[in-house]
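Working notes, beginning with the structure itself.
The values are calculated or read from the model by the stated rules, or taken from the named source; none is laboratory data. The model shown is predicted, which means the values in this text are computed figures rather than measured ones. For neighbour counting, all protein chains shown are included, and Cβ atoms are generated from backbone atoms with ideal geometry for every residue, glycine included. Ligands, DNA and RNA are excluded from the accessible area calculation, which covers all protein heavy atoms including side chains. Shrake-Rupley method; radii C 1.70, N 1.55, O 1.52, S 1.80 Å.
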Amino acid sequence: MRKVLGLAKRIIKSTVVKLQQIYFQIFGSKVECNICHYKANKLNSDSWHAYCTCPNCSSGVRQRLLMASFTLLDRFNFHSIIDKKNVLHFAPEKALGALIQQRAKEYRTADFFAEGYSYKNIDYNIDISDMKTIQTETFDCVIACDVLEHVPDHIGGIREVYRILKNEGYCIFTVPQKDHLQVTFEDLSITDKKERERIFGQYDHLRIYGDDFTTILQNAGFEVTAVDEHFFDKHVAAHYVLFPPVLSQHPLATNYRKIFFGRKI
Ligand SMILES: [Zn+2]
(Lines give C-alpha, C1' and ligand atoms only; values in the text may rest on other atoms or scores of the structure.)
Protein backbone atom coordinates (compact mmCIF):
# COMPACT_ATOMS: atom_id res chain seq x y z
CA MET A 1 0.00 0.00 0.00
CA ARG A 2 2.82 2.37 0.97
CA LYS A 3 4.61 1.63 -2.33
CA VAL A 4 1.44 2.40 -4.32
CA LEU A 5 0.97 5.69 -2.43
CA GLY A 6 4.64 6.60 -3.04
CA LEU A 7 4.30 5.88 -6.76
CA ALA A 8 1.06 7.90 -6.96
CA LYS A 9 2.78 10.83 -5.20
CA ARG A 10 5.71 10.74 -7.64
CA ILE A 11 3.38 10.61 -10.67
CA ILE A 12 1.31 13.56 -9.34
CA LYS A 13 4.50 15.57 -8.61
CA SER A 14 6.00 14.98 -12.06
CA THR A 15 2.64 15.80 -13.74
CA VAL A 16 2.40 19.07 -11.78
CA VAL A 17 6.00 19.96 -12.74
CA LYS A 18 5.30 19.21 -16.43
CA LEU A 19 2.10 21.32 -16.44
CA GLN A 20 3.98 24.16 -14.68
CA GLN A 21 6.71 24.01 -17.31
CA ILE A 22 4.18 24.32 -20.14
CA TYR A 23 2.62 27.31 -18.34
CA PHE A 24 5.98 29.05 -17.80
CA GLN A 25 7.13 28.37 -21.34
CA ILE A 26 4.01 30.11 -22.66
CA PHE A 27 3.79 32.99 -20.18
CA GLY A 28 7.47 33.48 -19.25
CA SER A 29 9.36 32.83 -16.02
CA LYS A 30 11.51 34.90 -13.71
CA VAL A 31 13.87 32.16 -12.54
CA GLU A 32 15.40 28.98 -13.88
CA CYS A 33 17.41 26.11 -12.47
CA ASN A 34 20.53 25.97 -14.64
CA ILE A 35 20.95 22.24 -13.91
CA CYS A 36 17.56 20.74 -14.85
CA HIS A 37 16.15 23.87 -16.58
CA TYR A 38 13.04 23.95 -14.43
CA LYS A 39 11.41 27.36 -14.92
CA ALA A 40 9.16 29.25 -12.51
CA ASN A 41 8.59 32.66 -10.97
CA LYS A 42 10.18 31.49 -7.74
CA LEU A 43 11.87 28.39 -6.33
CA ASN A 44 10.95 26.55 -3.12
CA SER A 45 11.92 27.79 0.34
CA ASP A 46 13.63 25.86 3.11
CA SER A 47 13.68 26.58 6.84
CA TRP A 48 16.68 28.93 6.48
CA HIS A 49 16.33 30.60 3.10
CA ALA A 50 13.44 31.73 0.94
CA TYR A 51 12.98 30.60 -2.67
CA CYS A 52 16.35 28.85 -3.06
CA THR A 53 15.65 25.17 -3.80
CA CYS A 54 14.69 23.75 -7.19
CA PRO A 55 11.44 21.75 -6.78
CA ASN A 56 12.42 19.47 -9.64
CA CYS A 57 16.06 18.43 -9.00
CA SER A 58 16.47 19.83 -5.44
CA SER A 59 19.47 21.96 -6.46
CA GLY A 60 20.48 24.63 -3.96
CA VAL A 61 22.49 27.79 -4.43
CA ARG A 62 25.83 25.96 -4.25
CA GLN A 63 25.00 23.52 -7.04
CA ARG A 64 23.68 26.29 -9.31
CA LEU A 65 26.76 28.46 -8.60
CA LEU A 66 28.97 25.53 -9.58
CA MET A 67 26.91 24.92 -12.73
CA ALA A 68 27.15 28.64 -13.61
CA SER A 69 30.94 28.37 -13.22
CA PHE A 70 31.01 25.26 -15.44
CA THR A 71 29.00 26.97 -18.17
CA LEU A 72 29.92 30.68 -17.98
CA LEU A 73 33.45 31.15 -16.60
CA ASP A 74 36.40 30.62 -18.97
CA ARG A 75 38.83 29.39 -16.31
CA PHE A 76 36.47 27.00 -14.59
CA ASN A 77 34.18 25.83 -17.37
CA PHE A 78 33.45 22.23 -18.37
CA HIS A 79 36.02 22.42 -21.15
CA SER A 80 38.84 23.51 -18.81
CA ILE A 81 38.09 21.34 -15.80
CA ILE A 82 35.90 18.34 -16.68
CA ASP A 83 36.04 17.40 -20.37
CA LYS A 84 38.12 14.25 -20.95
CA LYS A 85 39.42 14.39 -17.35
CA ASN A 86 39.49 11.85 -14.50
CA VAL A 87 37.02 13.15 -11.94
CA LEU A 88 36.31 12.01 -8.37
CA HIS A 89 33.02 13.31 -6.96
CA PHE A 90 32.40 13.04 -3.19
CA ALA A 91 28.80 12.90 -1.93
CA PRO A 92 27.66 13.32 -5.54
CA GLU A 93 24.66 15.49 -6.24
CA LYS A 94 22.54 13.36 -8.60
CA ALA A 95 21.53 15.82 -11.33
CA LEU A 96 24.86 17.66 -11.38
CA GLY A 97 26.80 14.39 -11.22
CA ALA A 98 24.98 13.05 -14.29
CA LEU A 99 26.04 16.12 -16.31
CA ILE A 100 29.67 15.77 -15.16
CA GLN A 101 29.67 12.05 -15.93
CA GLN A 102 28.56 12.71 -19.54
CA ARG A 103 31.64 14.88 -20.15
CA ALA A 104 34.43 13.34 -18.06
CA LYS A 105 36.80 10.70 -19.38
CA GLU A 106 36.46 8.76 -16.15
CA TYR A 107 33.91 9.61 -13.46
CA ARG A 108 34.18 8.01 -10.00
CA THR A 109 32.04 8.64 -6.95
CA ALA A 110 32.97 8.48 -3.27
CA ASP A 111 31.35 8.76 0.12
CA PHE A 112 32.04 7.62 3.66
CA PHE A 113 29.03 5.53 4.57
CA ALA A 114 27.43 6.96 7.71
CA GLU A 115 24.37 5.99 9.68
CA GLY A 116 21.18 7.78 8.61
CA TYR A 117 22.14 8.33 4.97
CA SER A 118 21.42 6.15 1.93
CA TYR A 119 24.01 5.41 -0.71
CA LYS A 120 23.55 4.30 -4.30
CA ASN A 121 26.08 3.87 -7.08
CA ILE A 122 29.10 4.91 -4.98
CA ASP A 123 32.47 3.57 -6.20
CA TYR A 124 34.53 4.28 -3.07
CA ASN A 125 33.33 3.94 0.54
CA ILE A 126 36.18 6.03 1.83
CA ASP A 127 37.20 8.60 4.45
CA ILE A 128 38.43 11.71 2.61
CA SER A 129 41.13 12.16 5.26
CA ASP A 130 42.52 8.65 4.69
CA MET A 131 42.43 7.62 1.02
CA LYS A 132 45.43 5.29 0.96
CA THR A 133 43.58 2.97 -1.47
CA ILE A 134 43.85 5.74 -4.10
CA GLN A 135 47.26 6.27 -5.64
CA THR A 136 49.01 9.64 -5.59
CA GLU A 137 48.27 11.86 -8.64
CA THR A 138 45.31 9.80 -9.90
CA PHE A 139 42.65 12.47 -10.61
CA ASP A 140 42.44 15.72 -12.58
CA CYS A 141 39.52 17.02 -10.51
CA VAL A 142 38.10 16.21 -7.06
CA ILE A 143 34.71 17.65 -6.13
CA ALA A 144 33.52 17.68 -2.51
CA CYS A 145 30.62 20.02 -1.83
CA ASP A 146 29.60 20.35 1.82
CA VAL A 147 31.68 17.34 2.87
CA LEU A 148 34.52 18.71 5.04
CA GLU A 149 32.24 19.93 7.84
CA HIS A 150 31.50 16.23 8.58
CA VAL A 151 35.17 15.20 8.72
CA PRO A 152 37.07 15.27 12.07
CA ASP A 153 40.48 15.77 10.39
CA HIS A 154 39.45 18.18 7.64
CA ILE A 155 43.01 19.46 7.16
CA GLY A 156 44.07 15.84 6.57
CA GLY A 157 41.19 15.58 4.07
CA ILE A 158 42.41 18.62 2.13
CA ARG A 159 45.97 17.23 2.15
CA GLU A 160 44.71 13.89 0.85
CA VAL A 161 42.81 15.62 -1.97
CA TYR A 162 46.02 17.48 -2.85
CA ARG A 163 47.93 14.18 -2.89
CA ILE A 164 45.55 12.30 -5.21
CA LEU A 165 45.32 15.23 -7.65
CA LYS A 166 47.64 15.42 -10.62
CA ASN A 167 49.74 18.57 -10.98
CA GLU A 168 47.60 21.44 -12.30
CA GLY A 169 44.51 19.47 -11.23
CA TYR A 170 41.59 21.15 -9.45
CA CYS A 171 39.78 20.59 -6.21
CA ILE A 172 36.30 22.04 -5.94
CA PHE A 173 35.03 22.57 -2.39
CA THR A 174 32.05 24.20 -0.77
CA VAL A 175 31.60 24.46 3.01
CA PRO A 176 28.89 25.97 5.21
CA GLN A 177 30.16 29.43 6.14
CA LYS A 178 28.44 31.55 8.73
CA ASP A 179 27.87 35.00 7.28
CA HIS A 180 30.59 37.47 8.33
CA LEU A 181 32.47 34.90 10.47
CA GLN A 182 36.18 35.46 9.92
CA VAL A 183 37.77 32.44 11.57
CA THR A 184 36.52 28.85 11.32
CA PHE A 185 35.13 27.61 14.62
CA GLU A 186 35.32 23.96 15.62
CA ASP A 187 35.02 22.08 18.86
CA LEU A 188 35.32 18.32 18.45
CA SER A 189 34.43 17.84 22.13
CA ILE A 190 30.82 18.80 21.32
CA THR A 191 29.18 15.48 20.56
CA ASP A 192 25.57 16.10 21.62
CA LYS A 193 23.45 16.23 18.46
CA LYS A 194 21.26 19.09 19.69
CA GLU A 195 24.30 21.14 20.70
CA ARG A 196 25.93 20.54 17.33
CA GLU A 197 22.75 21.66 15.59
CA ARG A 198 22.63 24.82 17.71
CA ILE A 199 26.31 25.70 17.32
CA PHE A 200 27.22 24.32 13.89
CA GLY A 201 23.83 24.22 12.15
CA GLN A 202 23.35 20.46 11.78
CA TYR A 203 23.54 17.46 14.12
CA ASP A 204 26.49 15.89 12.27
CA HIS A 205 28.50 19.03 11.53
CA LEU A 206 31.75 19.38 13.46
CA ARG A 207 32.55 23.01 12.68
CA ILE A 208 31.28 26.17 11.01
CA TYR A 209 33.63 27.75 8.50
CA GLY A 210 34.71 31.36 8.31
CA ASP A 211 36.31 33.56 5.67
CA ASP A 212 39.67 31.89 6.42
CA PHE A 213 38.75 28.82 4.35
CA THR A 214 40.67 30.31 1.41
CA THR A 215 43.80 30.49 3.62
CA ILE A 216 43.24 26.93 4.84
CA LEU A 217 43.33 25.72 1.20
CA GLN A 218 46.32 27.93 0.35
CA ASN A 219 48.23 26.48 3.31
CA ALA A 220 47.74 23.03 1.78
CA GLY A 221 49.38 24.24 -1.44
CA PHE A 222 46.43 25.23 -3.61
CA GLU A 223 46.08 28.38 -5.68
CA VAL A 224 42.56 29.40 -4.70
CA THR A 225 39.74 31.29 -6.40
CA ALA A 226 36.49 31.72 -4.47
CA VAL A 227 33.64 32.17 -6.94
CA ASP A 228 30.48 33.87 -5.76
CA GLU A 229 27.53 35.57 -7.47
CA HIS A 230 29.67 38.65 -8.23
CA PHE A 231 31.47 36.68 -10.94
CA PHE A 232 28.24 36.76 -12.96
CA ASP A 233 26.12 39.41 -14.57
CA LYS A 234 23.46 40.49 -12.04
CA HIS A 235 20.64 39.41 -14.36
CA VAL A 236 22.21 35.96 -14.69
CA ALA A 237 22.64 35.75 -10.89
CA ALA A 238 18.99 36.69 -10.39
CA HIS A 239 17.66 34.38 -13.12
CA TYR A 240 19.53 31.31 -11.80
CA VAL A 241 19.03 32.33 -8.15
CA LEU A 242 22.75 32.34 -7.33
CA PHE A 243 22.18 34.45 -4.26
CA PRO A 244 19.30 33.95 -1.82
CA PRO A 245 16.87 36.80 -2.51
CA VAL A 246 15.95 37.21 1.16
CA LEU A 247 18.67 37.38 3.81
CA SER A 248 17.92 34.74 6.40
CA GLN A 249 17.60 35.74 10.04
CA HIS A 250 18.94 32.35 11.14
CA PRO A 251 22.09 32.92 13.25
CA LEU A 252 24.01 30.34 11.20
CA ALA A 253 22.62 31.35 7.83
CA THR A 254 25.00 31.07 4.92
CA ASN A 255 23.64 33.55 2.41
CA TYR A 256 27.05 34.17 0.88
CA ARG A 257 27.74 30.86 -0.81
CA LYS A 258 31.07 30.43 -2.56
CA ILE A 259 32.63 27.76 -4.74
CA PHE A 260 36.31 27.27 -3.90
CA PHE A 261 38.39 26.23 -6.88
CA GLY A 262 41.89 25.16 -5.85
CA ARG A 263 44.57 24.47 -8.44
CA LYS A 264 47.39 22.14 -7.41
CA ILE A 265 50.63 24.03 -7.99
ZN1 LIG B 1 16.62 21.85 -10.98
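With a ≥ b ≥ c the root eigenvalues of the C-alpha gyration tensor of region 7-88, is it rounded (a/c under 1.5), prolate (a/b larger than b/c) or oblate?
prolate
Quick one: 3J(HN,Hα) in Hz for region 106-113, Karplus 6.51/-1.76/1.60 with θ = phi - 60°, rounded, Gly and Pro as x.
Values per residue, Gly and Pro as x: 9, 10, 10, 10, 9, 6, 10, 4 Hz.
From the square roots a ≥ b ≥ c of the eigenvalues of the alpha-carbon gyration tensor of region 1-143, which class results: rounded (a/c under 1.5), prolate (a/b over b/c), or oblate?
It is oblate, given that a/c is not under 1.5 and a/b is not larger than b/c.
Let me know the charge dipole size of region 46-264 about its Cα centre in debye, to the nearest 20, where only the beta-carbon of Lys, Arg (+1) and Asp, Glu (-1) is charged.
Details: 25 positive and 30 negative charges, 113 e Å.
That gives a dipole near 540 debye.
Roughly how many percent of the accessible protein surface of region 150-265 is carbon and sulfur, given a 1.4 Å probe and a whole-percent answer?
C and S atoms contribute 53 percent here.
For region 256-265, take each phi angle, set θ = phi - 60°, evaluate the Karplus expression 6.51 cos²θ - 1.76 cosθ + 1.60, and give the result in whole Hz per residue in order, putting x for glycine and proline.
Result, rounded to whole Hz: 8, 6, 9, 9, 9, 9, x, 9, 6, 10.
Could you work out how much longer the chain between ASP187 and LYS18 gets when fully extended? Use 0.36 nm per residue separation minus the Cα distance between them, nm to one decimal.
56.2 nm
Name every cysteine in the chain that ends up alone, with no second cysteine's Cβ under 4.7 Å, or say none.
CYS52, CYS141, CYS145, CYS171
Quick one: which residues, 5 or more positions from VAL241 or on another chain, have an amide H under 5 Å from its amide H? H modelled 1.01 Å from N in the peptide plane, none for Pro or chain starts.
GLU32
Students often check this: by mean Cβ neighbours within 10 Å, which of 108-117, 206-215 ranks highest, and how do the rest follow?
Ranked from most to least packed, the peptides come out as 206-215, 108-117.
Determine the alpha carbon to alpha carbon distance for each of LYS84/LYS166; LYS132/LYS258; LYS9/LYS94; LYS85/LYS132 and list only those over 18 Å.
The answer is LYS132/LYS258; LYS9/LYS94; LYS85/LYS132.
By accessible area of protein heavy atoms, probe 1.4 Å, what ranking do LEU7, LEU165 get, highest first?
Solvent-accessible surface, decreasing: LEU7, LEU165.
Where the centre of each part is set by its Cα atoms, how far does region 117-182 sit from region 208-265, in angstrom?
So the separation of the two Cα centres works out to 17 Å.
With n ≥ 4 as the cut-off for DSSP H runs, can you work out [θ] at 222 nm for the chain, using -39500 (n - 2.57) per run divided by the number of residues, rounded to the nearest 500?
The helix contribution divided over the chain gives -9500 deg cm²/dmol.
Mind checking the per residue accessible area of region 72-185 for me, 1.4 Å probe, whole number of Å²? Write down the numbers at each step before the final one.
Values: 5880 Å² over 114 residues.
Counting only protein heavy atoms, the per-residue value for region 72-185 is 52 Å².
Highest mean first, what order results for 195-201, 167-173 on Cβ atoms within 10 Å?
167-173, 195-201
Starting from the amide H of TYR107, placed 1.01 Å from N in the peptide plane, find each other amide H under 5 Å away whose residue is 5 or more places distant or on another chain.
Answer set, sorted by chain and number: VAL87.
Can you tell me which of VAL151, VAL241, VAL87 moves the most in a GNM of the chain? Springs connect C-alpha atoms under 10 Å apart.
Fluctuation is largest for VAL151.
Find out how many positive minus negative residues lie around GLU223, taking Lys and Arg as positive, Asp and Glu as negative, among other residues whose Cβ is under 14 Å from that of GLU223.
Net of charged neighbours comes to +2.
HN-Hα J couplings of region 5-20 from phi, Karplus 6.51/-1.76/1.60, θ = phi - 60°, integer Hz, Gly and Pro as x?
The phi angles translate into 4, x, 5, 4, 4, 5, 5, 4, 4, 5, 5, 4, 4, 4, 4, 4 Hz.
Quick query: amide H of ASP146 versus all other amide H atoms, modeled in the peptide plane; which residues come in under 5 Å with a sequence gap of 5 or more or a different chain?
Counting only residues 5 or more places away or on other chains, the set is THR174, VAL175.
From the Cα gyration tensor of region 46-264, with a ≥ b ≥ c the square roots of its eigenvalues, which class applies: rounded if a/c is under 1.5, or else prolate if a/b is larger than b/c, or else oblate?
rounded
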